[in-house]
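The values are calculated or read from the model by the stated rules, or taken from the named source; none is laboratory data. Everything numeric here is computed off the predicted structure, so don't read it as measured data. Using ideal geometry, Cβ is built from the backbone for each residue, glycine included, and neighbour counts are taken over all protein chains shown.
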Amino acid sequence: MIYIDTNAGNLDKITFYNISKILNRDFKFNRQGILSAFAWMLLKYALEKEFSVGINDIHFSTLEHGKPFVDNIKGIEFNLSHSHNAVAVAVSRKPVGIDVQKIMEFKENLANRVCSETELAILNNSVNKAETLYSMWAMKESYVKFTGEGMISDFKHIPYNSSAKVYKISDDYVMAVCCEQNLEIKSVKTNDYIKGY
């Protein structure tokens, strides 16, 4: 199952520190830290809904390149992503990678950094270069998160037609998911998973 919130807002310091304490994680009180807190709270919500497991019953470790995983319960796979006001979580019984990207203005230097010559040709023929570029980026990032390679990979060598599926989830965001099974998408509101904190 994929849970997505495209309107994650801000947190006051008290709520932020309560969430950090609940999750037993050390987030920095800045925009990235707040989005990370939202993503981990959304993961907590997803694990409770999909597996009837509380986040405090799970022990997390990380792979060599930083991908978090559950190391004390077999059969629970997950991945997190955030971009601007969007947070997304994928939970599954199979390995999964997810990435959400805000569609911003087209950046040629980014395209040249992450796209192969073939992909640059696709971009040049695209009606919406920005959406196509951020879809390609999301697809590639979801793939390296799926494999556990992380952001050390040269994105030019990751094919755009990898096994990830791309979704336009709003006018402002695209999301890509790489998983060996089809996952349903559920849109949630911040209050669904932050209430009471």
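General remarks:
- Just one of the listed residues (ILE4, ILE22, ILE14) is exposed (fewer than 12 other Cβ atoms within 10 Å of the Cβ), out of contact with any Lys or Arg (no Cβ under 7 Å at 6 or more places or on another chain) and outside any loop (DSSP other than H, G, I, E, B), and it is ILE14.
- Taken together, LYS195, LYS165, LYS189, LYS140 contain a single residue that is closer than 27 Å to PHE16 by Cα and free of Cβ contacts under 8 Å to residues at least 60 places away in the same chain, which is LYS195.
- Selected residue (only one of ILE169, ILE158, ILE185 is surrounded by 14 or more Cβ atoms within 10 Å (Cβ to Cβ), modelled with pLDDT under 90, aliphatic (A, V, I, L, M) and within 23 Å of SER92 (Cβ to Cβ)): ILE158
- Residues being loosely packed, with under 12 Cβ neighbours inside 10 Å, without any contact (Cβ under 8 Å) to a residue 60 or more places away in the chain and touching a helix residue (DSSP H, G or I) at 6+ places or on another chain (Cβ under 9 Å) - total across region 60-81: 2
- Residue in region 45-59 that is assigned to a helix (DSSP H, G or I), touching a Phe, Trp or Tyr at 6+ places or on another chain (Cβ under 6 Å), surrounded by 16 or more Cβ atoms within 10 Å (Cβ to Cβ) and on the phi < 0 side of the Ramachandran plot present: yes
- Taken over region 104-113, the criterion of being over 8 Å from LEU133 (Cβ atoms) and in a helix (DSSP H, G or I) is satisfied by GLU108, ASN109, ASN112, ARG113.
- Residue that is modelled with the lowest pLDDT, among those in region 29-69 that are under 18 Å from the mean Cα position of the chain (by Cα) and of a type in the set (Gly, Ala, Ser): GLY66
- Here GLY33 fulfils each of the conditions (1) surrounded by 22 or more Cβ atoms within 10 Å (Cβ to Cβ); (2) without any contact (Cβ under 8 Å) to a residue 40 or more places away in the chain apart from (1).
- Scanning region 82-103 turns up no residue that is closer than 14 Å to LEU43 by Cβ, touching a residue at least 12 places away in the same chain (Cβ under 8 Å), out of contact with any helix residue (DSSP H, G or I) (no Cβ under 9 Å at 6 or more places or on another chain) and outside any loop (DSSP other than H, G, I, E, B).
- Selected residue (criterion: nearest to ASP172 (Cα to Cα)) from residues of region 122-134 that are modelled with pLDDT of 95 or more and outside any loop (DSSP other than H, G, I, E, B): GLU131
- Filter result for LYS107 (surrounded by 12 or more Cβ atoms within 10 Å (Cβ to Cβ) and in contact with a strand residue (DSSP E or B) (Cβ under 8 Å, 6 or more places away or on another chain)): no
- Failed item in (1) at pLDDT below 95; (2) within 19 Å of LYS94 (Cβ to Cβ); (3) surrounded by 20 or more Cβ atoms within 10 Å (Cβ to Cβ), with MET175 passing the rest: (1)
- A residue that is touching a residue at least 60 places away in the same chain (Cβ under 8 Å) and within 21 Å of GLN181 (Cβ to Cβ) cannot be found anywhere in region 13-21.
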